[in-house]
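In what follows, a single structure is set out as C-alpha cells and then discussed.
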Amino acid sequence: MSKKIVIAGAGHAAGQVVATLRQQEYKGQIVLVGDESYLPYQRPPLSKGFLAGKMSAERLHLKADNFYDDHQIETKLRTTITAIDRDSKTLKTEEGEDIAYDKLVLALGSRARKLSVEGANLMSVYYLRSIDDVEQIRPEMDVGRHLVIIGAGYIGLEAAAVARSLGLDVTVIEMADRVMSRVVSPEISDFYQIEHTSKGVKLRLSSSAVALRGKKRVKRVEITGGEEIRANFVIVAVGILPNTELAEQAGLDVNDGIIVDDRCMTSDKDIFAVGDCTSHPNDIYGRRLRLESVHNAVEQAKTAANNLCGIETHYSQVPWFWSDQFDLKLQIAGLSEGYDDVVIRGNPADRSFACLYLKEGRLIAVDAVNAPRDFVQSKALIADRIVLSADKLADSATSLKDIAAKA
C-alpha cells in the first residue's frame, strides 16, 4: 500500500476517491488538489435546483467541510496543476509548488465546449459548469427577461425549464432537428418538444447561432437564415470536452479520454484515472466508453480507491443518467446507440411511460419518464443480455422483473 496518494482534481469523482480510501481504512497521506475554491461538490443540481435558487452552495458539498480535517485529508484549493513529472513522481503547479506522490489519481473532469462565433466574448454570455458560473447567471434570472439558450441537450433543456418556471422568455437554439438527439429516440424527443412548447419555451430546431450581436453586452442572437432573437443574456450548452491535456503531456495513453483498464489504472501503474476524463472498457457493450455521468464518476472512484487499498476491484456496469425538466424525471439506463427496435411501455399522454431499446432482441437501454420502477428493473435485464419478446415488454401491466423471470 502506498504512503502518499495525491488526487488531481476536486470534483465529484475526487471526493468519492477520498471518501472510499478512508472508508477502507487507508492510513497513508491523502492530498486533494483542485483549481476551484470549493471542496468537492455535486454538479447535476447546478442546472436544476441550484440555478432555481432552491439550494445553497453548502448543500451541494459531498461532505461537510470538517470531514476533510477530521480524516486528515490535506486540501489544496485554487491550485492549478501544470505538469506531471512521472520520473520524479511530482506534480508541478502554476503557483510554483511541487507536490510529490507515491500514487496519483487523475480526476480531472471536463470543461464546457466554447462557442466559436462572432460575439461569443460579449458580456452576459455564460456557460453552466460550476458554482461560480451559476452565481453569475442567477442575477440575470428576472421575470420577463429574454434568455437564449444555445444547445438542446440535458443542460440546455434543464436550464430552459428553470427559466420558464421563473417567468423568463426562453428561446432554445439547436442545430439538430430534434432535442436531445444524441442520447434519446425520436419518440422521447417529440414528447419533450411538446412539453417545452406547451410551457412557453420557443424551440428553434435545425438552426445554429451564427453570431451574437451587441456592443459590450449581448443584445441579440443571429441564427441560420438571418433571424435575430432578442437576448438579455445567453447560456451556451453545446457539450463538454474531457480534460486530458495533462495526461497527454505526461505521455499517458489517451484516445477520447485517458485510457484506463477495468481497475481504473492508466498506462502508468502508479497513476489511476476516474470520471469524465477517462475511456474505460465495458464488458456489457463490448467496447470502450467515455461517460459523462455521476454514476460513472462515483463507481470508477470506488474502483480506483479499492485497488489502491489492495482490494482487487473491476468496473463494468450498466451506465445510467437522469434529467429533471419541469415535473418530469427522465431516467436513462444503458446506451441506446445501435438499437434496431423500440418498444413503448405505457402511454406518453399519461406523462408516465418508458421507451425500451432492443438490439437483436436484447434490451440495451431504457428511457423512463416518471416511471422509476421500469428504470430500476431494466438495469438487470440490460446486464443479463437475454432475448426478450417485444410484445411482452410493451405490456405495462406486467413488471419487467416478471417478464424477465418468464423469459
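The values are calculated or read from the model by the stated rules, or taken from the named source; none is laboratory data. This is a predicted model, so every value here is computed, not measured. FYI the Cβ positions are ideal-geometry reconstructions off the backbone, even for glycines, and counts take in every protein chain you see.
Brief remarks follow.
- Flag if Ala152 is in contact (Cβ under 8 Å) with a residue 40 or more places away in the chain, assigned to a loop (DSSP other than H, G, I, E, B) and crowded, with 19+ Cβ neighbours inside 10 Å: yes
- For Gly144, the requirement of being in contact (Cβ under 8 Å) with a residue 40 or more places away in the chain, surrounded by fewer than 19 Cβ atoms within 10 Å (Cβ to Cβ) and part of a loop (DSSP other than H, G, I, E, B) is not met.
- Check on Phe67, at pLDDT 95 or above, part of a loop (DSSP other than H, G, I, E, B) and among the hydrophobic types (A, V, I, L, M, F, W, C): no
- Any chance Asp268 is closer than 28 Å to Tyr192 by Cβ and among the acidic types (Asp, Glu): no
- Total residues in region 182-213 satisfying the condition of being in contact (Cβ under 8 Å) with a residue 12 or more places away in the chain, out of contact with any Lys or Arg (no Cβ under 7 Å at 6 or more places or on another chain) and among the small types (Gly, Ala, Ser): the figure is 6.
- Cβ separations smaller than 6 Å between residues 6+ apart or across chains give the following pairs from region 1-30 residues that are among the small types (Gly, Ala, Ser) to residues that are assigned to a helix (DSSP H, G or I): Ala13/Gly275; Ala13/Ala297; Ala13/Ala301.
To keep it simple, each residue is scored yes or no on (1) closer than 17 Å to Gly257 by Cα; (2) more than 14 Å from the chain's Cα centre (by Cα).
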residue	(1), (2)
Val294	yes, no
Thr303	no, yes
Trp320	no, no
Ile332	no, no
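- Among residues of region 119-130 that are on the phi > 0 side of the Ramachandran plot, those with a Cβ under 6 angstrom from a residue that is assigned to a loop (DSSP other than H, G, I, E, B) and at pLDDT 95 or above, sequence gap 6+ or separate chain, pair up as Ser124/Val218.
- Residue in region 75-97 that is of a type in the set (A, V, I, L, M), modelled with pLDDT of 95 or more and part of a loop (DSSP other than H, G, I, E, B) present: yes
- Residue match in region 44-54 (condition: loosely packed, with under 14 Cβ neighbours inside 10 Å and of a type outside the set (Asp, Glu)): yes
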